[in-house]
Each structure stands twice: as structure tokens, then as C-alpha cells.
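Written out below as C-alpha cells is the structure these notes cover.
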Amino acid sequence: MAKKIMIIDDDPDIVTYLTDLFTDSGYATCSAADGAQALDVVKAERPDCITLDIEMPDEWGPRFYRKLSQEPEFRKIPVIVISGLNATKYAVPKAAANFSKPFDREELLATVRQIVD
Amino acid sequence: MFKNILFATSASPACDDAARVAFDMARRYGARLRVFHVLGAPTRAFSQLVVDMRTGEEVSLDDNYLDLVREELKTTYAKQLAECADCTIDTVVGFTHREILRAAREMDADCIVMGASDDSEGPRTYHKGVTGSTLQRVAKAARCPVLTVARPSASYWGGVSNIVFGTDFSRASDSAFRFALKAARELGAELNIFHALDISSLASSVALSQDEIEEKVIQARDRIRAKYVANLEGFTNYEVEVWEGVPYVEIVKFAREKQADLIVMAHNTRELDPERARIGSTVEQVILRANCPVLSVNRPDKI
């Protein structure tokens with residue numbers, strides 16, 4: 001069964017881009033448009049890895065991460081931060097990896113493979 | 001909670017992170033935001049020659065120059081201004097801290113938002129560990145709380161759901177506690193009441209035994225219960241924690257551990273002469289090092 005990557009980003013273009021990138025590489029995907037709905041999607045979809053944007057309209061990435069880390073069942077899901085903001089490594093200190101937009105797709109895929117496979 | 005916010009900016013990159021917080025607060029809480037820039041000080045009274053705050057150059061103050069500065073501010077914050085419903089931009093001439101305080105009084109500000117930098121430039125910030133003189137002067141004299149954002153990572157706002165109130169049990173901390181409680185109640189946030197037991201100053205030349213330290217931790221916990229928990233007025237979403245160590249280090253660590261959105265502290269100082277007093281060294285270090293905005297409260301006026 002294909003590993004599932006969840007994409008959390010308010011930019012639909014980024015969601016489409018990452019969905020295509022992961023799907024083409026053999027992963028299943030699911031997505032959420034901001035942190036507020038993301039936890040429900042996590043519970044429903046049970047992803048193996050999450051890519052997380054920081055700045056989103058309702059609930060920002062760090063807030064979602066905090067909620068996620070309070071859920072014993074889901075706290076160990078690796079989170080990869082992908083954001084246009086600087087210093088994101090301090091925003092989600094326990095993230096598995098950090099990428100700045102624009103990011104290198106091959107580098108991202110290699111990181112996902114390393115984390116998930 | 002936040003209805004009138006004064007965002008004091010130099011429009012330099014040092015204020016970018018504070019801008020993110022100020023605009024997000026205004027949008028999220030439906031507040032009126034005043035973007036306020038002091039462009040320079042007159043070389044002498046009523047002079048049209050002004051020393052530009054950022055460049056240090058003397059410039060002639062005319063309509064063209066004022067328009068130029070306003071336009072620069074609009075360009076700097078174009079994206080945020082487009083999303084802000086109730087926002088004004090003001091530029092004035094004068095001494096920065098005085099004008100900021102005057103503007104805050106005029107608009108009856110609930111909160112002043114500022115960036116933090118030190119008196120020097122570049123990487124010396126953390127070597128010196130001293131905040132800039134404008135912040136010092138504003139924080140000491142402001143009637144309303146002053147929210148400071150010093151690091152990019154301190155600017156991830158997105159609302160407040162977890163507040164750390166750091167106390168040293170001083171009188172000034174009482175005002176900070178009232179503000180933290182009010183904020184937690186109105187914003188639906190968790191309130192973490194935290195005290196850092198300063199073991200470096202408890203016994204200057206004698207190392208305390210662990211039993212003595214733990215006894216003092218228990219006493220501090222009891223003190224928090226008596227002083228703060230007893231005054232929570234039915235508020236139940238709180239936690240009490242006491243750690244021993246160097247206070248600013250422990251507060252920053254605790255806030256990081258709790259993934260706090262906001263640290264509330266009093267800026268207490270041991271210096272009695274108001275002219276010489278800086279804001280307390282602990283809050284100063286917390287401001288420079290924290291991963292979230294730090295709100296310092298000095299007076300009960302706006303609480």
C-alpha cells in the first residue's frame with residue numbers, strides 16, 4: 001500500500017504542484033487548506049508524512065503542529081515545513097526538515113523518501 | 001481585547017517581523033491599526049532641517065520629503081495594508097520615544113507593537129544582549145502594554161491560544177497578571193503561570209543543596225497558588241509551573257516547550273532612579289531571545 005503524504009497549504013497552486021509531484025512518485029496524497037481543518041483530515045486520512053506551510057489564513061502552521069503534538073496517536077507523524085517565511089526552523093523546532101519556497105523538487109522528494117520509506 | 005493598536009516602525013527590516021504580528025492582530029481582532037513612523041528629529045526647535053532617523057543625514061523637511069516617506073511606508077507594507085480594513089499611516093517629526101508615547105496617548109492605544117534591536121548593528125545584538133534605547137524608553141513610560149517582536153521566529157502569530165505569564169512576584173507583576181488573565185479569558189487561551197527560581201542569586205557564594213532548591217520550588221508554587229490562582233475568578237484553563245535556574249533562560253525554555261504564542265511579563269527593575277533605570281534585565285533578555293512575541297506591562301492604567 002502506497003505511503004500517504006498530507007499537504008497543508010493555503011495556496012491551491014502549491015497543493016496541486018505537490019500533489020502531482022508525490023502522486024507521480026508513487027505516493028498517495030491528501031490535503032488541507034489551513035491548520036484549522038488539518039487535524040480533522042489527519043484523523044480521517046492518517047498520513048505517513050505531512051508537508052506544512054507556516055503562514056495560512058485562519059490557523060498558522062505552528063498552531064496546527066502544537067495540536068498535532070498533543071495527540072498521542074499522531075504526534076510522531078514526521079512534519080516537513082515548506083514556507084516562504086524565513087527562520088521557519090524555529091517556528092516548528094521538531095520538524096523533520098525545513099524547505100524555503102521556492103524549493104528544489106528533487107531535494108524535497110529525496111527528503112520525503114528518506115523519512116517515509 | 002485589542003481595539004486600538006499602535007505599530008511603531010522604523011520601516012526598516014528590523015520591524016518586518018513586528019509588522020507581521022501587528023497587521024495580523026489588527027485583522028484577527030478587528031482592531032484599528034495606526035502605522036506610526038517618526039522620520040527624524042529637528043536639528044533645533046522649529047527648524048525645517050531634520051536628522052533622518054535611519055540615515056543620520058540632515059534633510060530639509062518639506063511636503064515632497066513627507067510624501068516620499070509616506071509612499072515608502074505604503075510600499076513597504078503594501079501587501080499587509082491591502083488586507084487591513086482599518087489602518088492609517090502617520091509620519092511625524094520629533095524624538096522617537098516621545099512621539100510614540102504621545103501617539104499612544106492620543107489614540108488611547110491598547111497596545112504598542114514594536115520591533116526590537118539593540119544600539120549596535122549586526123550580530124552584536126546577542127553579544128551585547130541589550131535592547132535599543134527607543135524600546136527601553138517607550139516600554140518604561142507607556143501606559144499600555146508594549147508588545148515586542150525581536151526575532152523572525154517570534155513573529156508567527158496566528159492568534160493566541162497559549163499564554164505564558166512569567167512572574168517574579170513583584171508589584172509590577174500584579175498588573176501583568178491581570179493583563180494575562182484578561183487576555184487568556186477573552187481570547188480563549190490557556191494561561192501558564194510560571195516562576196523561575198533564580199538559583200544564581202539565592203546564595204551567591206554557597207551552592208544550595210538540591211533539597212533546599214526543591215523546598216524553595218515548593219514554596220514558590222504555594223506562593224503562586226495564594227497570589228494568582230486564588231484570583232483567577234473562575235478561570236480554569238491554567239497551569240502552574242516553577243523551574244529553577246537563570247530566570248530568562250528558564251522562561252524562554254518554558255515558552256518554547258509550551259509552544260507559547262505570547263509571553264506576558266512586567267518590566268521590573270531594581271534601579272530606583274527612573275532616569276537611569278532600564279527595563280528589567282530578565283524581560284530584556286526574554287524579549288531578545290523568545291520564540292514568540294513578548295508583551296511587557298508596567299502600569300495598571302490600560303488593564
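Values as computed for the structure displayed
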item	result
Leading residue by the ranking (modelled with the lowest pLDDT) among those in the stretch B:201-222 that are part of a loop (DSSP other than H, G, I, E, B) and closer than 23 Å to B:THR282 by Cα	B:ALA203
Filter result (hydrophobic (A, V, I, L, M, F, W, C) and free of Cβ contacts under 8 Å to residues at least 24 places away in the same chain) within the stretch A:7-31	A:VAL15
Selection from the stretch A:79-117 of residues that are assigned to a strand (DSSP E or B) and surrounded by fewer than 16 Cβ atoms within 10 Å (Cβ to Cβ)	A:SER100
Matching residues, the stretch A:43-82, being more than 10 Å from the chain's Cα centre (by Cα) and among the polar types (S, T, N, Q)	A:SER69, A:GLN70
Enumerated strands (runs of 3 or more DSSP E) restricted to the stretch B:130-199, each holding at least 1 residues that are within 14 Å of another protein chain (Cβ to nearest Cβ) and surrounded by fewer than 24 Cβ atoms within 10 Å (Cβ to Cβ)	B:162-166, B:190-198
Residues satisfying the stated conditions in the stretch A:72-87, i.e. within 8 Å of another protein chain (Cβ to nearest Cβ) and within 27 Å of B:GLY30 (Cα to Cα)	A:LEU85, A:ASN86
Some residue of the stretch A:44-61 being under 16 Å from B:LYS258 (Cα atoms), surrounded by 15 or more Cβ atoms within 10 Å (Cβ to Cβ) and in contact with a strand residue (DSSP E or B) (Cβ under 9 Å, 6 or more places away or on another chain)	yes
Where a residue in the stretch B:163-180 is more than 16 Å from B:ILE251 (Cβ to Cβ) and its partner, wherever it lies, is aliphatic (A, V, I, L, M) and surrounded by fewer than 24 Cβ atoms within 10 Å (Cβ to Cβ), with Cβ under 6 Å and at least six apart	B:SER175/B:ILE303; B:ARG178/B:ILE303; B:PHE179/B:ILE303
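The values are calculated or read from the model by the stated rules, or taken from the named source; none is laboratory data. The shown structure was predicted, so the numbers you read here are calculated from the model rather than taken from an experiment. Virtual Cβ from ideal backbone geometry, glycine too; neighbours counted across all protein chains shown.
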